[in-house]
Each structure stands twice: as structure tokens, then as C-alpha cells.
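Below is one structure, written out as C-alpha cells; the observations come after it.
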Amino acid sequence: QVQLVESGGGLVQPGGSLRLSCAASGIIFSRYDVCWYRQAPGKQRELVAHTNRNGNANYADSVKGRFTISRDNAKNTYSLQMNNLKPEDTAVYYCNTIPLLNWGQGTEVTVSS
């Protein structure tokens, strides 16, 4: 059974950076489009970043220019580099593929001074 595991979250001050990682067992990421989602308290889960198998990426308007999604096919992982973080980026972040698999536990990001 495929299991997605997110890591790298934490507490960071506004303007700071974090790098999230997604690892999995039972799936080879290079064969799929991969995405990062987030769910803020009281809000629906939203798509933050997506990259296809060719490395083309697109982002939610709210994170463009600040977040970068990337793959490491050799390690079968992918990441989300988040720079210039804002309090509104506070959420639980999840990775997943297209098509969707079972959701992992997510990793919590809190942006606060």
C-alpha cells in the first residue's frame, strides 16, 4: 500500500523559509504529476503547487514567486521550498500525486512572530 510521508514543517517567523519534503513507499514519483496542497484552520484544502513529469510547474497565485516545487528522482522524493513566508501560509501541508492517493498525515507550518 502506498504511504505518503511529509516532513519539514515547523514554526517560522514572517519572512523566513522552510523546505518541505515528501517521501513515499510503493510508488515511483517520476511516473506521476506531483502536487503540494495545504489546509488552513477552518478552510478547505487547496492546491499550492503542481509539477508534471517534464518538470513544468504551476502555482497558486498566493504563492507565486515565493514557493518552488522540485523533484529528486534519484531519492524518490520531492520538495517545496517556501521563502518569504507570511502568516497566511500557516496550514497543514500535504503532498499527493495525480491521480490522488491516500492522504498522509501532513506537516504543519506555522508562520508567526
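Data table
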{"quantity": "Qualifying residue in region 3-20 (condition: in contact (Cβ under 8 Å) with a residue 60 or more places away in the chain and of a type in the set (K, R))", "calculated": "yes"}
{"quantity": "Hits in region 23-40 (condition: open to solvent by 30 Å² or more (accessible area, probe 1.4 Å), touching a residue at least 24 places away in the same chain (Cβ under 8 Å) and more than 20 Å from Q81 (Cα to Cα))", "calculated": "G26, I28"}
{"quantity": "Filter result (of a type in the set (D, E, K, R) and over 14 Å from the mean Cα position of the chain (by Cα)) within region 73-102", "calculated": "K75, K86, E88"}
{"quantity": "Residue among K43, K64, K86 that alone is in contact with a Pro (Cβ under 8 Å, 6 or more places away or on another chain) and open to solvent by 40 Å² or more (accessible area, probe 1.4 Å)", "calculated": "K86"}
{"quantity": "Matching entry among L11, L20 (being within 15 Å of the chain's Cα centre (by Cα) and either surrounded by 18 or more Cβ atoms within 10 Å (Cβ to Cβ) or assigned to a strand (DSSP E or B) (or both))", "calculated": "L20"}
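The values are calculated or read from the model by the stated rules, or taken from the named source; none is laboratory data. A quick note: this is a predicted structure, and the numbers were derived from the prediction, not measured. For neighbour counting, all protein chains shown are included, and Cβ atoms are generated from backbone atoms with ideal geometry for every residue, glycine included. Protein only, heavy atoms only, side chains kept; ligands, DNA and RNA dropped before computing areas. Shrake-Rupley method; radii C 1.70, N 1.55, O 1.52, S 1.80 Å.
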